[in-house]
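Take a look at the structure set out below.
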């Protein structure tokens with residue numbers, strides 16, 4: 001089945017094959033959302049499952065996500081013509097004073113792989129920049145990471161700022177020093193220990 | 001038992017023999033030193049006298065028997081002089097931004113320096129002074145960047161990780177150059193007289209790379225560094241997290257040891273899972289993570305450590321180090337809170353009967 005072939009190509013990190021398969025299926029008149037959901041999203045869900053069980057590691061996740069993005073590059077223009085909505089719109093960034101990005105990048109890739117549209121603000125992002133981006137894009141969720149205990153206070157300050165302004169977007173936080181207890185204390189809506197969990201949290205928050 | 005020096009204490013505990021009291025180990029303390037002793041990050045990175053004084057005060061005041069000290073990635077050798085780009089943000093330690101190794105053509109432009117300069121020169125000078133001042137009394141250790149760590153700074157972490165799977169020929173070529181750089185860093189560090197550096201593959205954790213990829217691709221280069229620095233001079237302590245080649249049980253054990261050392265989800269269960277595995281050159285760790293040190297109360301920290309020590313000492317007959325993996329502070333107020341907790345840990349250690 002074509003979607004199974006797409007899944008296999010993602011797991012094999014075969015960008016050219018993913019692109020070819022998707023193009024062929026679209027030429028045959030296949031439903032673009034089925035290629036996305038049954039192919040690319042299913043592939044990344046499998047990647048996440050294997051990472052959580054210790055079968056795959058960060059390099060495999062990076063390569064799978066890169067391969068998925070190649071496929072998404074073909075799907076996105078077609079999808080936008082159908083009027084199909086993404087699973088949600090997420091603004092993501094590492095907080096001000098923090099330049100670490102690998103964890104944030106993995107979350108960003110996994111969210112895209114799960115069908116979310118992601119606006120990645122990069123690193124060292126001021127609270128006001130998160131606010132402007134969420135307001136301008138009408139994002140559903142804002143995801144913030146802090147990789148240092150010394151930059152964790154920025155998470156708390158940003159959540160307080162968002163509440164003060166009535167931002168409305170759900171807030172996810174994460175990063176090596178961040179705990180669920182800290183996330184609850186600062187009033188975040190969701191917390192995840194890793195990129196795979198972040199997708200589940202995002203899905204849950206979108207489901208209301 | 002007579003009072004021992006911290007060095008003696010660490011040596012005995014590492015060998016599994018009974019010290020006068022359990023050693024305290026700290027693996028990272030740079031921002032705390034800056035906030036607590038009132039120096040800027042720039043001063044820490046560029047003023048050898050201030051940096052040395054701060055590290056000495058910290059070691060003595062908090063009785064750090066084993067101090068993996070003078071922390072800061074920019075100090076370890078992959079500085080601007082090698083074409084590595086760093087960014088300073090506010091008064092934080094700089095973060096890595098970009099490396100010069102984009103393609104094979106760039107490889108010929110990467111050379112081992114003829115002499116130390118910049119931040120690495122500062123690192124060496126502080127080591128020299130620290131060793132002269134307290135090196136006989138305390139177990140001082142510093143990091144020698146391992147070849148893969150060097151590669152991550154030259155190539156970028158994500159690219160280097162991907163290369164381990166899909167670009168191995170290029171990876172092997174640049175790892176050879178990185179090995180030469182690692183040997184250079186190690187020789188300069190050993191020349192300061194500081195006797196206990198560790199070969200540090202700082203980016204390799206059990207999730208970051210498949211252990212058998214580490215053993216096949218990276219370990220030979222690490223071993224080459226150790227051979228060229230002379231065996232025993234720079235234990236590759238953190239390679240223990242990768243277990244043994246083609247041995248899933250030991251690799252699972254290595255991953256447990258990683259959790260135990262870094263205090264990932266501090267629990268007696270984590271310690272039990274790691275109990276049969278060791279880091280070369282270090283006692284078994286009873287660890288408190290940076291995030292626990294920041295978020296737990298002194299009472300919670302002491303209660304957990306007491307439970308861990310009772311299990312390890314009384315239950316297993318071991319002499320662990322009380323390991324504070326990451327002592328960090330983002331303000332003076334935060335530093336005072338951390339100091340209070342460290343003093344509580346020190347009091348527990350002093351009172352704990354072996």
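Taken together, the values in this text are just the output of simple stated rules run on the coordinates, not laboratory data. All values derive from a computational prediction rather than experimental measurement. Counting neighbours? That spans all protein chains shown, and the Cβs are built from the backbone with ideal geometry, glycine included.
Here are a few things to note about the model shown:
- With both labels modelled 7 Å from their Cα along Cα-to-Cβ, the residue B:176 to residue A:1 distance reads 4.9 nm.
- Once the C-beta distance of residue A:160 and residue B:202 is scaled by a Förster radius of 41 Å, the resulting FRET efficiency is 0.75 to the nearest 0.05.
- Cβ neighbours within 10 Å from other chains - mean over A:88-100: 2
- Beta bridges by DSSP in chain B, antiparallel share as percent, to the nearest 5: 15 percent
- Distance between the pseudo-spin-label points of residue B:333 and residue A:31 (7 Å out from Cα toward the beta carbon): 5.6 nm.
- A Förster distance of 45 Å, applied to the separation of the beta-carbon atoms of residue B:310 and residue B:244, puts the FRET efficiency at 0.90.
- The calculated FRET efficiency for residue A:207 paired with residue A:126, based on their beta-carbon distance and R0 = 30 Å, is about 0.50.
- Taking B:252, B:341, B:87 as the candidate residues, the one with maximal mean-square fluctuation in a Gaussian network model of chain B, Cα springs under 10 Å, is B:87.
- Once you reduce region A:11-68 and region A:155-193 to the center of their Cα atoms, the two points are 30 Å from each other.
- Chain A - percent relative contact order, Cα under 8 Å, separation 6 or more: 18 percent
- Relative packing of peptides B:236-242, B:130-136, B:174-180 - highest average C-beta neighbours within 10 Å first: B:236-242, B:174-180, B:130-136
- Potential lengthening between residue B:297 and residue B:47 on full extension [0.36 nm per residue; Cα-Cα distance subtracted]: 86.6 nm
- Within the protein assembly as shown, helix-based [θ] at 222 nm, where runs of 4 or more DSSP H residues each add -39,500 (n - 2.57), nearest 500: -16000 deg cm²/dmol
- Which of B:299, B:128 has the fewest Cβ neighbours within 10 Å, and the rest in rising order: B:299, B:128
- In plain terms, the residue of B:257, A:167 with the fewest other Cβ atoms within 10 Å comes first and the most crowded comes last, giving A:167, B:257.
- Taking other C-beta atoms within 10 Å as the exposure proxy, B:127, B:39 rank B:39, B:127 from fewest upward.
- Paramagnetic reach from residue A:12 in region A:34-64 [backbone N under 15 Å; point 7 Å along Cα→Cβ]: A:64
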